[in-house]
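**Q** Quick one: the structure is below, and I'll ask about it shortly.
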Amino acid sequence: MNPKEHAPCYIYDQAMIESACEELKKELPGFTFLYSIKANPFEPVVRTIASHGFGADAASWREVEESLTCGMTKEQIYFSAPGKSEQDLRNARGKCTIIADSLNELRLIQKIAEEHHTIETIGLRVHPLYTMGAGAVSASKFGVDLEQIDELKETLKQCPNIRIAGMHVHLRSQVLDAETIGQYYEDTMKTALLLKETCGIDMKFINFGSGIGTVYDAVKEKPVDLAALREKTAVLMEMNAGLGAKLIIETGRFVVCRAGKYVTPIIDKKVSHGTTYLIVANGLNGFLRPAIAALIANVAKGQPVGGMEPLFTNDNEFEIKVLNNCEETETVNVVGNLCTALDVIKNNITLNKAEPGDLIEISNAGSYAYPLTPVQFSSHTVPEQYLETPDGKLIEH
C-alpha cells in the first residue's frame, strides 16, 4: 500500500496481531485469553483476535455489544469495570458474564434478578491483600477489599438470586518480568482458594487480569520471557486440580501495540531562532500519547518518571522516522498543526532530512492510541484506521 494516499491514518498489521495471539496460546497452554477491547476497539482488529478463539474483557456494555458483533459468544465476554450503573447492568444482562465491582453492584444485580425471577451467575472483582511487585497495599476504586470478606458474606446472604462463579483481580499493566507476573498469579490463585473456603464460592473461573507487557523501548526493555512464565505458572495447574476452574489472562496491549503504526504528512517546515520545526497534520489530535510523553519530558527535565498507564509508559516509547530515502540527517522538533504549543510529537530528534509532503511514521500505535486521542480538537479531518492483511489489502471496517 502507499501510505501517502491515506495519511494521516493508523495502519494495523494483521499478520503481527495473529502471530502474537498464537504465541500466547503456544507459550501459555492451559489458559484462556481475553482481549481488552478498550486497548483498540477497531472492529477488524477485534474480529481478527476473536478468530483465534480469544474472548473479551469489556469495560462497558457497548464493548459487550461490539464483542458479540465481532463473533465472540456471550460465554467468552466478561464485563468488568467500576461504577457500572443500573442501566449498564440491564443492558449487559444475558449477553456476557458480569463482574460485580462492589457490594452495591451485587445489590443492583440482585434487584434486577428479582424482577426477572432469575438466578444470575456472575463474577466478583477483588482488591487483594498483596501487590504486584514492590510496594504496600493501598486503597483502590477497583473491586471489593478482601478485608471486607465478612461484609461480603453478609451481602451474599441478602442476594439469593446471585451465584458467584468466579473471581477477577487486576493490579498492574505493562509488567515485563516473568518472576513478578508468576508470583502475582500464584497469590491470586491462593486468594481464589481462600474465597472458596470462606464464602463457599464455586470457582468456575479465575481471571488473573493482565500484567504481560509489551516492549515500548527496544533499547532499555526486554520482552516477557514467556517460557520462564510458563514454568512459573506450572504450580497454578497443580493448585487448580481440585477446583477445575477456567484460568484466564487478559492480553491487554500485548497482541496489538507493536502491530500498529501512525502515519501523517509533513505539511510545513520552518526555522525559528535556530530551531527547525516539522509541522505535521494531526499531531496531538491524531495520536495523543507522543504529545503526553513530550509534555512529561518537558516537565521532568531529565528526571526519571514512572509509567502512568495508559497515557504514558516511558520516555522512549516510540520510534519516529521520516519515510524517505534521504541520507542526510537533521535535528528537528516534530510538532502538530493545532493552535497550542503543547502539540508536540518529539523535540530535539535527529531524523532524515525532510520536506513538506514527506511522511512521519510513529511506532507502537496499535493500543491506547486512537481511542485516547481528542480527534475533534480544532475540527480537523479525523485520521482513518485500516487493518492491513498479509497480501496488502486494507480493511476499513
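The values are calculated or read from the model by the stated rules, or taken from the named source; none is laboratory data. Only a predicted model underlies this, so the values are computations on that prediction, with no experimental measurement involved. Reconstructed Cβ throughout: ideal geometry from the backbone, glycine too, with neighbour counts over all protein chains shown.
**Q** I need the full set of residues from segment 1-21 which are of a type in the set (Val, Ile, Thr) and either under 22 Å from residue 210 (Cα atoms) or in a helix (DSSP H, G or I) (or both), in order please.
**A** Within segment 1-21, just 17 meets the criteria.
**Q** Looking at segment 270-282, which of the residues that are out of contact with any Pro (no Cβ under 8 Å at 6 or more places or on another chain) and not β-branched (Val, Ile, Thr) is surrounded by the most Cβ atoms within 10 Å (Cβ to Cβ)?
**A** Here the answer is 278.
**Q** Can you go through 248, 206, 212 and tell me which one is closer than 30 Å to residue 147 by Cβ, surrounded by 22 or more Cβ atoms within 10 Å (Cβ to Cβ), at pLDDT 95 or above and among the aliphatic types (A, V, I, L, M)?
**A** None of the other options fit; the residue is 206.
**Q** Taking segment 18-41 only, how many residues are farther than 17 Å from residue 247 by Cα and either touching a residue at least 24 places away in the same chain (Cβ under 8 Å) or within 16 Å of the chain's Cα centre (by Cα) (or both)?
**A** Going through segment 18-41 one residue at a time, the tally reaches 9.
**Q** With the requirement that a residue be more than 20 Å from the chain's Cα centre (by Cα) and outside any strand (DSSP E or B), what does segment 247-283 give you?
**A** The answer is 273, 274, 281, 282, 283.
**Q** Just the residues that are more than 16 Å from residue 173 (Cβ to Cβ) and either aromatic (Phe, Trp, Tyr) or out of contact with any helix residue (DSSP H, G or I) (no Cβ under 8 Å at 6 or more places or on another chain) (or both), please, taken from segment 196-230.
**A** Start the filter on segment 196-230 by keeping residues that are more than 16 Å from residue 173 (Cβ to Cβ), which leaves 196-206, 218-220, 222, 225-228, 230.
Selection gives 196, 197, 200, 204, 205, 218, 219, 220, 222.
**Q** Also, quick follow-up: May I ask you to verify whether residue 153 is surrounded by fewer than 18 Cβ atoms within 10 Å (Cβ to Cβ), in a helix (DSSP H, G or I) and either of a type outside the set (Val, Ile, Thr) or in the same structural domain as residue 210 (by TED's automatic domain parsing) (or both)? Full working, then the answer.
**A** Numbers: surrounded by fewer than 18 Cβ atoms within 10 Å (Cβ to Cβ): yes; in a helix (DSSP H, G or I): yes; either of a type outside the set (Val, Ile, Thr) or in the same structural domain as residue 210 (by TED's automatic domain parsing) (or both): yes.
Yes; evaluated as a whole, the condition is true for this residue.
**Q** Can you find even one residue in segment 284-307 that is assigned to a strand (DSSP E or B), touching a residue at least 12 places away in the same chain (Cβ under 8 Å) and of a type outside the set (S, T, N, Q)?
**A** First, the residues of segment 284-307 that are assigned to a strand (DSSP E or B): none.
No, that holds for no residue.
**Q** Say we look at segment 204-234 and pick out the residues that are of a type in the set (D, E, K, R) and in a helix (DSSP H, G or I); which of these is nearest to the chain's Cα centre (by Cα)?
**A** Just the residues of segment 204-234 that are of a type in the set (D, E, K, R), to begin with: 204, 217, 220-222, 225, 230-232.
Among the residues that remain, those that are also in a helix (DSSP H, G or I) are: 230-232.
Values: 230: 22, 231: 25, 232: 23 Å.
Going through the qualifying residues, I end up with 230.
**Q** Right, here's the next one. Just one of the numbered conditions (1) buried (at least 17 other Cβ atoms within 10 Å of the Cβ); (2) charged (D, E, K, R); (3) under 28 Å from residue 258 (Cβ atoms) is not true of residue 62; which one?
**A** In the conditions (1) buried (at least 17 other Cβ atoms within 10 Å of the Cβ); (2) charged (D, E, K, R); (3) under 28 Å from residue 258 (Cβ atoms), residue 62 misses (1) alone.
**Q** Output the number of residues of segment 343-393 satisfying the condition of being touching a His at 6+ places or on another chain (Cβ under 8 Å) and at pLDDT below 95. Walk me through how you get there before you give the answer.
**A** Of all residues in segment 343-393, those touching a His at 6+ places or on another chain (Cβ under 8 Å) come to 384, 386.
Filter again for at pLDDT below 95, leaving none.
Residues flagged as touching a His at 6+ places or on another chain (Cβ under 8 Å) and at pLDDT below 95 within segment 343-393 amount to 0.
**Q** Where in segment 42-138 are there helices (runs of 4 or more DSSP H), lying fully within it, with 1 or more residues that are touching a residue at least 40 places away in the same chain (Cβ under 8 Å) and not hydroxyl-bearing (Ser, Thr, Tyr)?
**A** Of the helices (runs of 4 or more DSSP H) lying wholly inside segment 42-138, those with at least 1 residues that are touching a residue at least 40 places away in the same chain (Cβ under 8 Å) and not hydroxyl-bearing (Ser, Thr, Tyr) span 43-50, 103-116.
**Q** Right, another one. Condition test on residue 34, is it part of a strand (DSSP E or B), closer than 22 Å to residue 226 by Cβ, at pLDDT 95 or above and hydrophobic (A, V, I, L, M, F, W, C)?
**A** Against the criterion (part of a strand (DSSP E or B), closer than 22 Å to residue 226 by Cβ, at pLDDT 95 or above and hydrophobic (A, V, I, L, M, F, W, C)), residue 34 qualifies.
**Q** Is it the case, given these coordinates, that residue 342 is in contact with a Ser or Thr (Cβ under 6 Å, 6 or more places away or on another chain), more than 30 Å from residue 16 (Cα to Cα) and part of a loop (DSSP other than H, G, I, E, B)?
**A** Numbers: in contact with a Ser or Thr (Cβ under 6 Å, 6 or more places away or on another chain): no; more than 30 Å from residue 16 (Cα to Cα): yes; part of a loop (DSSP other than H, G, I, E, B): yes.
Considered against the rule, which asks whether it is in contact with a Ser or Thr (Cβ under 6 Å, 6 or more places away or on another chain), more than 30 Å from residue 16 (Cα to Cα) and part of a loop (DSSP other than H, G, I, E, B), residue 342 comes out as no.
**Q** Please state which one of 317, 330 is modelled with pLDDT of 90 or more, part of a strand (DSSP E or B) and of a type outside the set (Gly, Ala, Ser).
**A** Sole residue among the options that is modelled with pLDDT of 90 or more, part of a strand (DSSP E or B) and of a type outside the set (Gly, Ala, Ser): 330.
**Q** Looking for something basic (Lys, Arg), on the phi < 0 side of the Ramachandran plot and crowded, with 17+ Cβ neighbours inside 10 Å - is there at least one such residue anywhere in segment 374-396?
**A** Looking through segment 374-396, none of the residues is basic (Lys, Arg), on the phi < 0 side of the Ramachandran plot and crowded, with 17+ Cβ neighbours inside 10 Å.
**Q** What number of residues in segment 316-353 are touching a residue at least 40 places away in the same chain (Cβ under 8 Å) and acidic (Asp, Glu)?
**A** 4
**Q** Please name all residue pairs, on different chains or six or more residues apart, with Cβ atoms under 8 Å, provided the first residue is in segment 140-156 and is free of Cβ contacts under 8 Å to residues at least 60 places away in the same chain and the second residue is basic (Lys, Arg) and part of a helix (DSSP H, G or I).
**A** Cβ pairs passing all conditions: 155/107.
**Q** Residue check: is residue 24 in a helix (DSSP H, G or I), modelled with pLDDT of 95 or more and touching a Ser or Thr at 6+ places or on another chain (Cβ under 7 Å)?
**A** yes
**Q** Taking residue 258 and the conditions (1) under 25 Å from residue 389 (Cα atoms); (2) modelled with pLDDT under 95, which numbered condition does it fall short on, given that it satisfies the others?
**A** (2)
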